[in-house]
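As structure tokens, the structure follows; a few thoughts come after it.
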Amino acid sequence: MNSKIVLNDVVRRTKVATDGASQEYFLGQMLSSQAKELTFVPVIKDEATKVKRKVYLVETDNGYQRPGSPRRMEAFGRYLMENEQLFTPAVVLSGRNNWVYSDKDGSLTIEGPAAIIDGQHRVGGYVAAYENDQSDRFIDFVVLNISAEEEERLFLDINSNAKSVATGLVSLLGRRTDSIVADTLNSHPDSIFKDRFYITSKRPGT
């Protein structure tokens with residue numbers, strides 16, 4: 001980073017566990033034009049250089065994540081450009097004590113980039129969209145100042161406990177033509193397939 005960047009309107013929160021342990025974190029927003037400078041992805045050693053590809057985010061080779069997929073980032077970027085009122089979940093960052101909070105004015109002074117613990121494809125999508133149309137968008141973030149070891153544990157916890165939405169449910173909620181036909185066949189009283197289609201599981205007789 002060439003100079004310090006200050007983010008305003010940041011909210012500080014402290015979570016206290018039943019054993020008395022506490023964790024401080026900060027809620028705020030950064031601009032998509034700033035994201036590439038303010039963040040990096042800690043990638044597993046040597047993984048980032050195995051395949052030549054366009055890189056939307058800075059990647060280091062001493063981390064715990066897989067390299068990002070440019071395709072996924074570009075797809076998310078297109079989605080952002082087509083849906084201006086889109087809300088996306090906050091990305092989770094580790095400031096590594098380089099994001100310094102001021103009680104005086106509720107700001108974060110950034111003295112070094114933060115590691116992206118969760119949300120590299122979302123951040124990369126925002127960067128891809130900005131590079132495409134030069135339109136700045138706000139990225140919501142949660143930032144903690146924790147060690148690299150704690151980052152890795154949090155990354156593993158998030159990714160080992162998260163469960164993706166079933167493809168069938170995504171199709172049904174998206175009202176794709178095939179899902180509408182299947183839903184009609186499954187619900188129409190005269191259909192021979194009535195109550196024989198299921199979104200997430202296969203049962204006897206289906």
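Quick notes on this structure:
- Pairwise Cα distances in the stretch 70-144 exceed 15 Å in 59 percent of cases.
- Normalised Debye scattering of the stretch 26-111 at q = 0.16, 0.19, 0.21, 0.26 Å⁻¹ gives log10 I(q)/I(0) of -0.81, -1.05, -1.18, -1.38, counting only Cα atoms as equal scatterers and leaving out solvent.
- Sequence-distant residues sharing a close amide H with I5 (under 5 Å, placed H): I110
- When the solvent-accessible area of the stretch 46-149 is split by element, carbon and sulfur atoms take up 46 percent of it, the probe being 1.4 Å.
The values are calculated or read from the model by the stated rules, or taken from the named source; none is laboratory data. This structure is a prediction, so every number in the text was calculated from the model and none was measured. Each accessible area value is taken on the protein alone, full model and side chains, heavy atoms only, with ligands, DNA and RNA left out. Shrake-Rupley method; radii C 1.70, N 1.55, O 1.52, S 1.80 Å.
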